[in-house]
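S.K.: One structure coming up, written as structure tokens, with questions to follow.
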Amino acid sequence: QIQLVESGGGSVQPGESLTLSCVASGITGDDYYQIGWFRQVPRKGLEGVACMANVDGTTSYGDSAKGRFRIFLDNTKTTVFLGLERLTFEDTAVYYCAAREASIFTIWLPCSPDDYPYWGQGIQVTVAS
């Protein structure tokens with residue numbers, strides 16, 4: 001099955017940038033899947049941040065992205081990144097990488113936590129001055 005391991009979290013100051021990484025195993029770059037980033041903001045539920053279908057690079061961003069975040073794959077198509085820019089205090093959260101199986105016939109890309117069965121352990125991102 002799919003296993004996901006996140007890295008790249010840490011503490012940054014407001015306005016700075018951070019790039020999170022998620023290495024997927026149990027799949028290859030030739031497999032069809034959808035992968036995304038979600039976050040658990042303190043005292044709030046899980047929310048979708050950014051999701052991507054590897055078959056064609058289609059992306060879907062949550063409202064929290066606000067044009068500041070970008071999801072992208074490396075050349076192997078088995079590592080997904082989340083570029084975080086112009087971070088604010090409100091971006092402090094545990095960020096999770098998650099994936100769902102897809103096929104060549106999958107034509108929709110959800111970015112809701114309930115649609116993703118495979119999850120990484122989560123990494124902390126803290127934005128503080």
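The values are calculated or read from the model by the stated rules, or taken from the named source; none is laboratory data. Please read all numbers here as calculations on a predicted model, not as lab measurements. FYI the Cβ positions are ideal-geometry reconstructions off the backbone, even for glycines, and counts take in every protein chain you see. When the accessible area is computed, the model is the full protein with side chains, heavy atoms only, and any ligands, DNA or RNA have been set aside. Shrake-Rupley method; radii C 1.70, N 1.55, O 1.52, S 1.80 Å.
Rundown of residues vs (1) touching a Ser or Thr at 6+ places or on another chain (Cβ under 7 Å); (2) open to solvent by 50 Å² or more (accessible area, probe 1.4 Å), yes/no style:
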| residue | (1), (2) |
| --- | --- |
| Glu16 | no, yes |
| Val23 | yes, yes |
| Ile35 | no, no |
| Phe38 | no, no |
| Asp63 | no, yes |
| Lys77 | no, yes |
| Gly83 | yes, no |
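S.K.: Something else about it: Find the residue count for segment 71-90, including only residues that are farther than 19 Å from Leu4 by Cβ and either aromatic (Phe, Trp, Tyr) or out of contact with any Lys or Arg (no Cβ under 8 Å at 6 or more places or on another chain) (or both).
M.R.: Selection size over segment 71-90: 3.
S.K.: Would you point out the residue of segment 85-95, among those that are open to solvent by less than 20 Å² (accessible area, probe 1.4 Å) and part of a strand (DSSP E or B), that is farthest from Phe38 (Cα to Cα)?
M.R.: Top of the filtered list is Ala93.
S.K.: Further question on the same structure: Give the residues of segment 19-71 that are within 13 Å of the chain's Cα centre (by Cα), closer than 29 Å to Ser129 by Cα and aliphatic (A, V, I, L, M), sorted by residue number.
M.R.: Residues satisfying the conditions are Leu20, Leu46, Val49, Ala50, Ala65, Ile71.
S.K.: Okay, moving on. I need a count of the residues in segment 105-125 that are touching a residue at least 40 places away in the same chain (Cβ under 8 Å) and either among the basic types (Lys, Arg) or loosely packed, with under 14 Cβ neighbours inside 10 Å (or both).
M.R.: From segment 105-125, those touching a residue at least 40 places away in the same chain (Cβ under 8 Å) are 106, 109-113, 116, 118-125; that's our starting set.
Next cut, either among the basic types (Lys, Arg) or loosely packed, with under 14 Cβ neighbours inside 10 Å (or both) only: 121, 124.
Adding up the residues that qualify gives 2.
S.K.: Quick test for you: out of Ala98, Ala102, pick the one residue that is out of contact with any Ser or Thr (no Cβ under 6 Å at 6 or more places or on another chain), open to solvent by less than 20 Å² (accessible area, probe 1.4 Å) and in contact (Cβ under 8 Å) with a residue 40 or more places away in the chain.
M.R.: Ala98
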